[in-house]
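Let me begin by presenting the structure, written as C-alpha cells, before commenting on it.
The values are calculated or read from the model by the stated rules, or taken from the named source; none is laboratory data. Given the structure is predicted, the values throughout are model-derived calculations rather than measurements. Note that each Cβ is placed from the backbone with ideal geometry, even for glycine, and that neighbours are counted across all protein chains shown.
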Amino acid sequence: MVLGAASDGEDVGYFRLLEHTADIGIEAAGETTADLFTAAAEGLRAVLSDLQKEPCKYWQEVTVAGRDFEELLVNWLNAILFHREVDGLFPEQFRIETITATCLRARIGGNLLADSPRPSREVKAATWHRLEVINQPGGWRARIYLDL
C-alpha cells in the first residue's frame with residue numbers, strides 16, 4: 001500500500017493505492033471535490049511512475065463532463081491518460097479550475113515523454129469496477145480502480 005499527499009506542500013487531500021488482481025485501486029480523500037479529484041489524479045501519477053516530480057514545462061487545459069461525480073471521476077482520470085498517450089505528456093501537476101457534479105475544467109502540467117523518457121507502468125483506463133464517490137462528514141472520499 002502506498003500513501004501519498006495530493007499536492008506540493010499544501011494539505012488538500014491524500015490518496016492510497018490498493019492492490020487488486022490485474023488492476024490497482026486508488027482511494028482518495030479531500031475536503032472539497034476539487035481536493036478529491038486532485039488527490040485521485042496524484043494517485044494515478046503515482047501508479048504511472050514512482051520517480052520524484054519534475055518542474056512542468058507544458059500545461060494542457062482539459063474539460064470533462066459526466067452525469068454525476070462518479071462518471072466525472074472516471075472521465076477525468078481517462079483524460080489524463082489520453083493526453084499521456086496521444087500528446088506524450090507525462091503528468092506532474094494538476095490544477096482544478098472549476099468543478100460541479102457534471103463538469104470539470106482543469107490544467108494538467110507535465111513534460112513531454114520525448115524530452116525526458118520516464119519509466120512508467122502501463123495503465124489502460126480508469127474503470128467503473130467498485131467505483132464510489134461519497135460526501136461524508138469532514139469531506140469527500142472516492143475509490144476507483146485502474147485497468148493495467
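Within the range 114-142, track down each residue that is surrounded by fewer than 19 Cβ atoms within 10 Å (Cβ to Cβ), touching a residue at least 12 places away in the same chain (Cβ under 8 Å) and not in a loop (DSSP other than H, G, I, E, B). Lay out the reasoning, then the answer.
Taking the range 114-142 first, the residues surrounded by fewer than 19 Cβ atoms within 10 Å (Cβ to Cβ) are 114-122, 124-125, 127-132, 134-139, 141.
Right, trim to touching a residue at least 12 places away in the same chain (Cβ under 8 Å) and you get 114-116, 118-122, 124-125, 127-132, 138-139, 141.
125, 132, 139, 141, listed by residue number.
I'm checking my understanding of the structure. Among residues of the range 91-123 that are of a type in the set (Lys, Arg) and modelled with pLDDT under 95, which one is nearest to residue 45 (Cα to Cα)?
Applying the first criterion (of a type in the set (Lys, Arg)) to the range 91-123 yields 95, 105, 107, 118, 121.
If we keep only those that are modelled with pLDDT under 95 as well, we get 118, 121.
On the way: 118: 12, 121: 10 Å.
Residue satisfying both the conditions and the ranking: 121.
Which of the residues spanning the range 78-108 are assigned to a strand (DSSP E or B) and surrounded by fewer than 18 Cβ atoms within 10 Å (Cβ to Cβ)?
The first filter runs over the range 78-108 and keeps only residues assigned to a strand (DSSP E or B), leaving 89-99, 103-108.
If the condition is that a residue be assigned to a strand (DSSP E or B) and surrounded by fewer than 18 Cβ atoms within 10 Å (Cβ to Cβ), then 95, 97, 98, 103, 105, 107 are the ones that fit.
Residues are listed down the side, and each one gets a yes or a no for (1) within 15 Å of the chain's Cα centre (by Cα); (2) hydrophobic (A, V, I, L, M, F, W, C):
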site	(1), (2)
29	yes, yes
41	yes, yes
52	no, no
83	yes, no
86	no, yes
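Is the range 18-33 home to any residue that is crowded, with 16+ Cβ neighbours inside 10 Å, in a loop (DSSP other than H, G, I, E, B) and at pLDDT below 95? Reasoning before the result, please.
Step one: list which residues in the range 18-33 are crowded, with 16+ Cβ neighbours inside 10 Å, which gives 18, 23-30, 33.
Subsequent filtering for residues that are in a loop (DSSP other than H, G, I, E, B) retains none.
Checked against the condition, which is being crowded, with 16+ Cβ neighbours inside 10 Å, in a loop (DSSP other than H, G, I, E, B) and at pLDDT below 95, the range 18-33 yields no hits at all.
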